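Okay, structure first, notes after.
Just so it is clear, none of the values below were taken in a lab; they were calculated from the coordinates. What you are looking at is a predicted structure, and each value in this text was computed from that prediction instead of being measured. Cβ atoms come from the backbone with ideal geometry, glycine included; neighbour counts cover every protein chain shown.
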Amino acid sequence: MSIQRHVTVERVRLKFAAAHMATLGDELEPLHGHNYLVRCRVEGDLTEDRWVIDFSALKGYTRAVCDELDHHFLLQRDSPLLDIEERDASWGVRFGDREYAFPKSDVVALPIANTTAELLAEYIAERVVASLRDGGHGNIQAIHVDVEEMPGQSGGYARTFD
Ligand SMILES: [Zn+2]
C-alpha cells in the first residue's frame with residue numbers, strides 16, 4: 001500500500017488576465033488575451049501537526065506569481081521563432097512582416113519558448129517550488145499546476161522533488 005496526501009488550492013484569486021501570442025507550428029497567433037485560472041496541488045508527508053501545508057501559505061505562493069502576470073503581455077523570451085529585441089524602454093517583437101513594440105512596464109518577459117498553458121504552468125510551478133524551498137516546507141515531495149485558458153481547456157505540469 002502506498003499513501004499519498006495532497007493539498008489543492010484554486011479559485012480564490014488564483015487567476016490572472018493577460019495577453020499573449022503563442023506560436024503554433026510556424027504560425028504566430030494574433031494578439032489576444034485570456035482570463036487564466038490556476039490550480040496548484042502539492043503532495044507530501046504530514047507535518048507534526050498533521051498538515052501537508054497550510055492552505056494560506058500555498059495560496060500566497062501561487063497568488064504572488066499570478067499577481068505578477070496579471071494585466072501584462074506575456075512574452076516568450078526564449079522563442080526560437082520570434083525576433084525579440086530588448087530595448088531601453090520596450091520589447092521589440094518581429095515575426096515576418098508583423099512588428100510590435102511593447103512598453104516594458106506592460107510586459108512580463110518569461111524564460112520560456114512559447115506561451116502555452118503547459119509552459120505557463122511550468123513557470124508558475126517552479127516559482128512556487130522556489131517559495132516552498134525558501135519557506136522550509138521540506139515535507140513536500142511533488143507539485144502539480146494546471147493553467148486553464150478557458151473553461152474546459154487547460155495545460156499542466158507536474159514533477160516530483162528529488
Ligand atoms: Zn491564447
- Return yes or no: is ILE124 part of a helix (DSSP H, G or I), surrounded by 18 or more Cβ atoms within 10 Å (Cβ to Cβ) and either away from the ligand (no atom under 16 Å from the Cβ) or touching a residue at least 60 places away in the same chain (Cβ under 8 Å) (or both)? yes
- Task: Look through ASP26, ASP45 and report the one residue that is away from the ligand (no atom under 16 Å from the Cβ) and within 30 Å of GLU99 (Cβ to Cβ).
- Result: ASP26
- Query: Take the residues of the range 127-162 that are in a loop (DSSP other than H, G, I, E, B) and not acidic (Asp, Glu): which is nearest to ALA18 (Cα to Cα)?
  - Reply: PRO151
- Task: Mind counting the residues in the range 27-57 that are of a type in the set (A, V, I, L, M), touching a strand residue (DSSP E or B) at 6+ places or on another chain (Cβ under 9 Å) and under 14 Å from HIS137 (Cα atoms)?
- Result: 3
- Message: Against the condition more than 16 Å from the ligand (Cβ to nearest atom), part of a loop (DSSP other than H, G, I, E, B) and surrounded by 18 or more Cβ atoms within 10 Å (Cβ to Cβ), how does VAL9 come out, does it pass?
- Response: no
- With respect to ARG63, determine if the residue is among the basic types (Lys, Arg), farther than 18 Å from LEU119 by Cβ and in a strand (DSSP E or B). no
- Note on the structure: When restricted to VAL7, VAL38, the only residue among the β-branched types (Val, Ile, Thr) and more than 14 Å from LEU132 (Cβ to Cβ) is VAL38
- Message: Out of LEU69, LEU74, LEU58, LEU31, I need the residue that is within 18 Å of PRO103 (Cα to Cα), in contact (Cβ under 8 Å) with a residue 60 or more places away in the chain and out of contact with any Pro (no Cβ under 6 Å at 6 or more places or on another chain). Which one?
- Response: LEU31
- Message: Take the conditions within 14 Å of GLU148 (Cβ to Cβ), away from the ligand (no atom under 16 Å from the Cβ) and not charged (D, E, K, R) and apply them to LEU58. Does it pass?
- Response: no
- Message: Tell me yes or no: at least one residue of the range 80-101 is within 15 Å of the ligand (Cβ to nearest atom) and in a strand (DSSP E or B).
- Response: no
- Message: Quick check on my filter: what residues within the range 41-53 are within 21 Å of the chain's Cα centre (by Cα) and either without any contact (Cβ under 8 Å) to a residue 24 or more places away in the chain or part of a loop (DSSP other than H, G, I, E, B) (or both)?
- Response: ILE53
- Query: Among ALA101, ALA17, which is the only one that is surrounded by fewer than 19 Cβ atoms within 10 Å (Cβ to Cβ) and within 17 Å of the chain's Cα centre (by Cα)?
  - Reply: ALA17
